[in-house]
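Each remark here refers to the structure printed beneath this line.
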Amino acid sequence: MKRILVVEDESAIAFGLQLDLKNEGYDVEIASNGESALRHAQKEAYDLILLDVMLPRKDGYEVCRDLRRVGLKTPIIMLTAKTHEAEKVLGLETGADDYVTKPFSPRELRARIKAALRRTAGDDVPAYRFGDAEVDFKRCELRRAGKPVDLTALEFKLLAAFVRNGGKVLSRDQLLDLVWGHGAFVTDRVVDNHVVTLRKKIEPDPSKPRYIISVRGMGYRFDG
Ligand code: CA
């Protein structure tokens with residue numbers, strides 16, 4: 001059973017999260033302030049930390065920075081009420097892995113948690129299934145209804161990047177880095193073209209994508 005530490009001072013929200021995540025099969029503990037979060041996280045092994053930004057005395061950013069400073073590698077998802085882009089960037093710069101903006105839907109949060117846990121599991125996960133598709137990381141193969149689908153190496157890398165970051169918006173720049181590598185001489189347009197061909201291979205209806213979603217002005221999000 002995966003263990004999650006919820007750091008939130010508002011008890012109604014904390015207990016709501018605890019209940020929801022317990023129903024999902026996670027073991028959940030609550031810390032109601034930054035100091036208690038630091039103590040908990042250093043004493044016990046958690047698979048993931050949900051960290052609210054708005055905490056009394058020590059805010060979530062400071063807590064996150066302190067946790068990374070002592071060498072803690074546990075994935076951290078920040079819960080932020082702020083929608084301003086700069087605040088999100090600050091969260092990631094302090095060492096958080098992801099952020100979810102309040103108010104969030106339980107479904108969105110669950111997807112982010114799953115994706116963060118999947119990233120830590122890394123290549124230990126042999127295959128990932130969505131719809132009738134199966135992504136086989138060991139064989140670098142995509143199958144639909146059990147039959148191999150013809151994918152180029154780049155298309156597979158792109159698909160793998162989406163699956164490993166499920167539920168999270170990836171900008172074209174991030175996709176270029178993840179798939180083509182730093183410093184590759186390709187344009188955003190190349191990303192879009194590859195998304196189009198990938199959709200033809202994985203979407204039931206490529207004109208109405210349900211797995212690789214376009215997020216206007218931001219990039220793409222995989223909802224598998
Ligand atoms: Ca709070």
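The values are calculated or read from the model by the stated rules, or taken from the named source; none is laboratory data. Everything numeric in this text was worked out from a predicted model, so none of it was measured. Every residue, glycine among them, receives a Cβ derived from its backbone with ideal geometry; neighbour counts consider all protein chains shown. All accessible areas refer to the heavy atoms of the entire protein, side chains included, with ligands and DNA or RNA removed. Shrake-Rupley method; radii C 1.70, N 1.55, O 1.52, S 1.80 Å.
If you check Thr120, Thr101 for being at pLDDT below 90, polar (S, T, N, Q) and within 16 Å of the ligand (Cβ to nearest atom), only one passes: Thr101. For Ala12, state whether it is open to solvent by less than 60 Å² (accessible area, probe 1.4 Å), part of a helix (DSSP H, G or I) and of a type in the set (Gly, Ala, Ser). When the stated conditions are applied, Ala12 does not pass them.
For beta carbons closer than 7 Å, sequence separation of 6+ or different chains, a first residue in the stretch 98-112 that is in contact (Cβ under 8 Å) with a residue 60 or more places away in the chain and a second that is open to solvent by 70 Å² or more (accessible area, probe 1.4 Å), the qualifying pairs are Arg110/Glu24. Screening the candidates Leu142, Leu151, Leu158 for the property of being in contact with a strand residue (DSSP E or B) (Cβ under 6 Å, 6 or more places away or on another chain) and either closer than 22 Å to Val215 by Cβ or not in a loop (DSSP other than H, G, I, E, B) (or both) yields one hit, Leu142. Pairs, please: C-beta under 6 Å, at least 6 apart or cross-chain, first residue open to solvent by less than 70 Å² (accessible area, probe 1.4 Å) and in the stretch 173-186, second part of a helix (DSSP H, G or I)? Matching pairs, first to second residue: Leu175/Val191; Val179/Lys157; Val179/Leu158; Val179/Ala161; Val186/Trp180. Please verify whether Val28 is hydrophobic (A, V, I, L, M, F, W, C), assigned to a strand (DSSP E or B) and away from the ligand (no atom under 16 Å from the Cβ), treating the condition exactly as stated. Yes, satisfied.
Please indicate, with yes or no, whether at least one residue in the stretch 158-169 is assigned by TED's automatic domain parsing to the domain that holds Thr197, farther than 30 Å from Leu72 by Cα and either open to solvent by 70 Å² or more (accessible area, probe 1.4 Å) or touching a residue at least 12 places away in the same chain (Cβ under 8 Å) (or both). No; the residues of the stretch 158-169 include none that is assigned by TED's automatic domain parsing to the domain that holds Thr197, farther than 30 Å from Leu72 by Cα and either open to solvent by 70 Å² or more (accessible area, probe 1.4 Å) or touching a residue at least 12 places away in the same chain (Cβ under 8 Å) (or both).
Hey, any hits in the stretch 56-75 for a residue that's in contact with a strand residue (DSSP E or B) (Cβ under 6 Å, 6 or more places away or on another chain), under 21 Å from Arg221 (Cα atoms) and either modelled with pLDDT under 95 or not in a strand (DSSP E or B) (or both)? Yes; the residues of the stretch 56-75 include at least one that is in contact with a strand residue (DSSP E or B) (Cβ under 6 Å, 6 or more places away or on another chain), under 21 Å from Arg221 (Cα atoms) and either modelled with pLDDT under 95 or not in a strand (DSSP E or B) (or both). Just one of the listed residues (Arg216, Arg139) is charged (D, E, K, R) and more than 26 Å from Leu117 (Cβ to Cβ), namely Arg216.
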